[in-house]
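The values are calculated or read from the model by the stated rules, or taken from the named source; none is laboratory data. None of the values given here were measured: they were computed from a predicted structure. In this analysis, Cβ positions are derived from the backbone assuming ideal geometry, glycine residues included, and neighbour counts consider all displayed protein chains. For the accessible areas, the whole protein counts, side chains as well, though only heavy atoms, and no ligand, DNA or RNA atoms are used. Shrake-Rupley method; radii C 1.70, N 1.55, O 1.52, S 1.80 Å.
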Amino acid sequence: MVRTTVLAVAIAAIGLAGFLAWGRQLPLGNAAGDPPVGERGRHPSDRLAIAELPGATENYSAVDSLAGVAGMNILTGDELATYRQAGAGRVKVAVSNYADGKATVLLVRAASDGAARDAAERLAELQLGYGFRRTEAAAGVAAATLPPRPDARPGGRAHYVRDDIVVRVEFRGDDAGTAYAEFGTLLAGQLEALPADG
């Protein structure tokens, strides 16, 4: 009787130790199969949410600072200066090659909500100096399109703010009509993933 009790206690202790060592690493009860990826796999605490992009995505997961973005050569000197002035912190970038163009989404955390707003306004003004033309967009979004020209592919670019995050969305392609349509779809998807401050 004593041996049976000791054996039962030992088995219970081994089971408890096993749970404490490995049980906490198991998936949640409602998780099934492989861990989710894309939007479903995004950790809820990650405020730098980027919409899933179709096409062939490029891997920029290691780029998490403005210095890394500068190395990608996707921003002008004035744009980089604007982000620096806003106190740029953590960044997240996604690039995808479509059959008919290229999509780029850049999220940059600023030092404050106000710094983010100021940066987004300055960036929107810069686009007009680069030859972009304002176009209608959702509330809180400054969007512009670039017409075809010999030195640049047509497309669209938008900036908006979510709290202290400055969001930049861009699509460029060879055919203007297709590029504008893809830009609209890309922007709508990003606004769903991370809505703009209204």
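Some notes on this structure:
- Whole-number accessible area per residue in Å² for segment 95-174, which is evaluated in the context of all protein chains at 1.4 Å: 43 Å²
- Separation of the residue 112 and residue 58 label points, Cα + 7 Å toward Cβ, nm: 3.5 nm
- Solvent-accessible area assigned to carbon and sulfur over segment 55-118 amounts to 45 percent, based on a 1.4 Å probe.
- Label-reachable residues, segment 108-150, where backbone N falls under 18 Å from a point 7 Å from residue 80's Cα toward its Cβ: 108-109, 123, 126-127
- Taking a quarter of the surface of the Cα convex hull of segment 138-198 gives a mean projected area of 4.0 nm².
- Across segment 41-198, the convex hull enclosing all Cα atoms gives 107 Å³ per residue.
- Projected label distance in nm at residue 185 and residue 135, using a 7 Å step from Cα toward the beta-carbon: 1.4 nm
- Shape call, segment 73-115: gyration tensor on alpha carbons, a/c limit 1.5: prolate
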